[in-house]
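All remarks here apply to the structure that follows.
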């Protein structure tokens, strides 16, 4: 008997193989997707700081403006003490004096921005006092200094922003006094002036002293 072509032919086995192969690819894709690590979890970023304070002044100015912050425990943050309690000053910007930095293996890097950033990395109930201070004045042109206070958690929220003018050497201004509750929320703000530089230094040092040994004497500009 001659069997006619295709009488007993079936595509079932081929379809089963194709379907199983497709299922295998899908499962491999799902496994690979689950194994991919996120670049950075949002919560990890939030835990690094609760508040951030940014102090900036125009790049063309050679003046040295400093950030001063007093916490509820009366601990004082400045260029003299960059890490105090829950507060941290990332960089003491000297105007143009430290714009050029040597990085081993890279060479000299130019950083022309006048910017200081302070973070509060935990919650302490009570009042904080934020001041800016003109440590060194280059020339006679008044310097516009912009200060922002932001709350980072659970989302970035602008608490306060202002631009103040510093005109002479050793001038100090209170930007804001803000009070935190136990949950880290700002419950009160005031703007009454409180000197912080004199709280840290009763007698300013001579201009001949290096910066890390003392502050400049009010008067003639240091070179």
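Tabulated results
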read-out	value
Per-residue Cβ neighbour rank within 10 angstrom, fewest leading, 201, 176	201, 176
Förster radius 41 Å - calculated FRET efficiency between residue 141 and residue 181, Cβ distance, rounded to 0.05	0.50
Inter-label distance, nm, simple model (7 Å from Cα along the C-beta direction), residue 157/residue 123	1.2 nm
Least to most buried among 185, 150 (fewest other Cβ within 10 Å first)	185, 150
Euclidean distance of C-alpha centroids, the stretch 114-128 and the stretch 131-184, integer Å	12 Å
Ranked list, fewest to most other Cβ atoms within 10 Å of each Cβ, for 155, 189	155, 189
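Readers should treat all values here as calculations from the given coordinates under stated rules, not as data from a laboratory. Bear in mind that the values here come from a model prediction, so they are computed numbers and not experimental data. Cβ: placed from backbone, ideal geometry, glycine included. Neighbour counts: every protein chain shown.
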